[in-house]
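S.K.: Please see the structure below; I have some questions.
The values are calculated or read from the model by the stated rules, or taken from the named source; none is laboratory data. These figures come from a predicted structure and were not determined experimentally. Note that we place each Cβ from the backbone using ideal geometry, even for glycine, and neighbour counts take in every protein chain shown.
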Amino acid sequence: MCGIVGYIGPRDAQEVLLSGLSKLEYRGYDSAGIAVGDGQQIAVRKKAGKLANLAADLEAEPLNGSFGIGHTRWATHGVPNDVNSHPHTTENGDIVLVHNGIIENYLELKAGLLQRGHVFKSDTDSEVVAHLIEETYQGDLEKAVRDALHQVRGAYALVVTHKDHRQIVAARTVSPLVMGVGEGEMFLASDVPALLAYTRQMVFIQDGDMVILDDDGYRITDMQGQPVQREAETIEWDAEAAEKGGYDTYMLKEIFEQPQALSNTLLGRLKGEEGRVELDISLDPTSFDRIHIVACGTAYYAGMVGKYLLEQLARVPVELDVASEYRYRQPLVTDKTLAIAVSQSGETIDTLEGMREAKAGGARTLGIINAKGSSMTRELDDTLYIHAGPEIGVASTKAYTSMVGAFLLLAVWLGQQRGTLSRDEVARLVQSAHDLPQLVAETLSDERLARVQEVAQKYHQARDYLFLGRGVNNPTAYEGALKLKEISYIHAEAYAAGEMKHGPIALIDEHLPVVVVATESRLLEKTISNVQEVRARGGRVILLLSDGDTDNAQHAEDVLYVPRCDELISPIVNAVPMQLLAYYTASTLGKDVDKPRNLAKSVTVE
Ligand code: F6R
């Protein structure tokens, strides 16, 4: 995360930058900073903590000038303090930049720069880019930024300026960047709401684009300097809709953010070229002989996939518990236990208490957590952040898929470190994980969405629903049922497909929609046998199948297709149509999907 802004025009830059940053604080508030230029010099002011700290400082002693850049930080490399705050500058202070993303090869680049005599002020990956630009700069800022970025691997939205140029140069790979076009003034930001007070004409900057802004307007090029055409769009959203990114609800916005959220989860951890996983945690991978996973609700279902992945890939025995049970059942914990908390908020009291229980028994603790700086992250030995970004819709969507993504990383990493996976197996899984954001983006195509909508409308009056799945997709059934019941208030149950005949089969009649996850897997034939059992009793089967599986489509009244993928990553891909089915059912029924009745986003009571 992190939010960035840029401005060039006739207005007071400090005011525009602070106004933009105030709309981006949801992207992080570890620190904030701005740099403002007046044509002769550029002054930087930055402060740890929320934007209000910086604003108070600037009110007492303003920065004057009519172009500049700004940043609000969600710390990744380097603790949140004044020095690690953005903007970062070169040693002589001539070049100033803000960055959102992660520079994956920064250590290697930094080592080279240190050898060549550069002196660093901060511990951030971003400062490395400022030094690279300084090295390549020979009077042409645009060229220097382009040359520097050719050496960089990773994700960035980068905004750079130089004291001698009334010019702003920006570039984007992965991290979002939008440009606002005003009358004789230009703006940049991570997100539309930051600019709406000034303009509604926006250009969405694409991956691999560079933008050059000055008083005459803007140019967009590719990374080779060739001109690129991007159309400006008029944004019609009101301020609230803008915060929802133009979607009707936060939940839908967050469903659509999943490719980006997953990229962020995987970023810097998948080492594609080396076919390895590297994790930013201090856990000794051989220091335990059992794992306890503790979580609630959707996070628990992510843990259910996690158990499957960890046992299969790392061959460590895993126990999985609902946190409210774990904390009171006197679990058998030893100093050879790794206890893993899974939580979006990092505040769920049962999960936190469960971890305290495990810690008291001598366990080492690890969090798979979204919210930076939350209670769990402060108490646990290690945190593997999922980096999904803020989740506002009460029903968890992108946090779920990112949690499962984090479990995949952890399981492959443990398999690699403990030697339960061969180099080839690790490389194959790294490749599968690498493809995930794209696969999830494919599940969100207009055609697939329209199909889920049709199915949701057809069955929206059902009183009950049954969800079935097997193996690594058994949790997908549970998560699908939870999503449906919490936002549409339709009763939904989930079962392991093979368990159905031991009871729930009695529920089946011609009114009961039964959603069966039947994507490609080694258990597909068995799942299809369970489908036949439902059909034989008049149940209405909605099958989730892999693209191209027309043979099995004949067993269903309705089919939803998902892109074909490795079975071990399929719970992430398959979660998306489940979320959409719940979403469209609830919206057809006119429910408030973002704030379902009786629920809270963060459950800090028992
Ligand atoms: C369901 C949902 C809840 C949460 C649960 C745990 O959509 O969001 O079931 O998953 O309350 O919350 P966290 O992950 O914050 O610990």
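S.K.: Of everything in segment 35-80, what is within 25 Å of Gly117 (Cα to Cα) and buried (at least 16 other Cβ atoms within 10 Å of the Cβ)? Give them in sequence order.
M.R.: Within segment 35-80, Ile42, Ala43, Val44, His77, Gly78 meet the criteria.
S.K.: Related question: Do we find a residue being within 23 Å of Glu278 (Cβ to Cβ), loosely packed, with under 15 Cβ neighbours inside 10 Å and aliphatic (A, V, I, L, M) anywhere in segment 103-110?
M.R.: yes
S.K.: Among the helices (runs of 4 or more DSSP H) confined wholly to segment 521-598, which include 1 or more residues that are buried (at least 21 other Cβ atoms within 10 Å of the Cβ)?
M.R.: Here the list reads 524-536, 570-588.
S.K.: Another one. Being of a type outside the set (Ser, Thr, Tyr), modelled with pLDDT of 95 or more and more than 19 Å from Leu51 (Cβ to Cβ) is true for just one of Gly101, Gly112, Gly93, Gly70. Which residue is that?
M.R.: The match here is Gly112.
S.K.: Out of everything in segment 397-426 that is part of a loop (DSSP other than H, G, I, E, B) and under 19 Å from Ser570 (Cβ atoms), what residue ends up being nearest to the ligand (Cβ to nearest atom)?
M.R.: Quick first cut of segment 397-426, residues part of a loop (DSSP other than H, G, I, E, B) only: 397, 419-422.
The next check asks that each one be under 19 Å from Ser570 (Cβ atoms); those that pass are 397, 421.
Working: Thr397: 8, Leu421: 28 Å.
Here the residue is Thr397.
S.K.: From the list Ala462, Ala450, Ala441, Ala494, pick out the single residue that is outside any helix (DSSP H, G or I) and surrounded by fewer than 21 Cβ atoms within 10 Å (Cβ to Cβ).
M.R.: Ala462
S.K.: Cys565 versus (1) without any contact (Cβ under 8 Å) to a residue 60 or more places away in the chain; (2) closer than 18 Å to Arg470 by Cα: which is the lone unmet condition?
M.R.: The number of the failed condition is (1).
S.K.: Moving to a separate point now. Go through segment 318-366 and give me each residue that's under 19 Å from Leu283 (Cβ atoms), modelled with pLDDT of 95 or more and within 13 Å of the ligand (Cβ to nearest atom).
M.R.: Once the filter is applied, which keeps residues that are under 19 Å from Leu283 (Cβ atoms), modelled with pLDDT of 95 or more and within 13 Å of the ligand (Cβ to nearest atom), segment 318-366 yields Ile340, Ala341, Val342, Ser343, Thr351, Gly354, Met355.
S.K.: Right, another one. I'm trying to understand the selection: among the residues of segment 346-380, which are among the hydroxyl-bearing types (Ser, Thr, Tyr), out of contact with any Leu (no Cβ under 8 Å at 6 or more places or on another chain) and farther than 23 Å from Ala48 by Cβ?
M.R.: Once the filter is applied, which keeps residues that are among the hydroxyl-bearing types (Ser, Thr, Tyr), out of contact with any Leu (no Cβ under 8 Å at 6 or more places or on another chain) and farther than 23 Å from Ala48 by Cβ, segment 346-380 yields Thr348, Thr351.
S.K.: Search segment 262-317 for residues being away from the ligand (no atom under 16 Å from the Cβ) and on the phi > 0 side of the Ramachandran plot, and hand back the single one that is modelled with the lowest pLDDT.
M.R.: Across segment 262-317, the extreme among qualifying residues is Gly268.
S.K.: Restricting to segment 251-261, what's the tally of residues that are within 16 Å of the ligand (Cβ to nearest atom) and out of contact with any helix residue (DSSP H, G or I) (no Cβ under 8 Å at 6 or more places or on another chain)?
M.R.: Final tally of qualifying residues: 1.
S.K.: Same structure again: Of the conditions (1) over 30 Å from Val412 (Cα atoms); (2) assigned to a loop (DSSP other than H, G, I, E, B), Asp284 satisfies every one except a single condition; which number is it?
M.R.: Tallying (1) over 30 Å from Val412 (Cα atoms); (2) assigned to a loop (DSSP other than H, G, I, E, B), Asp284 fails exactly one: (1).
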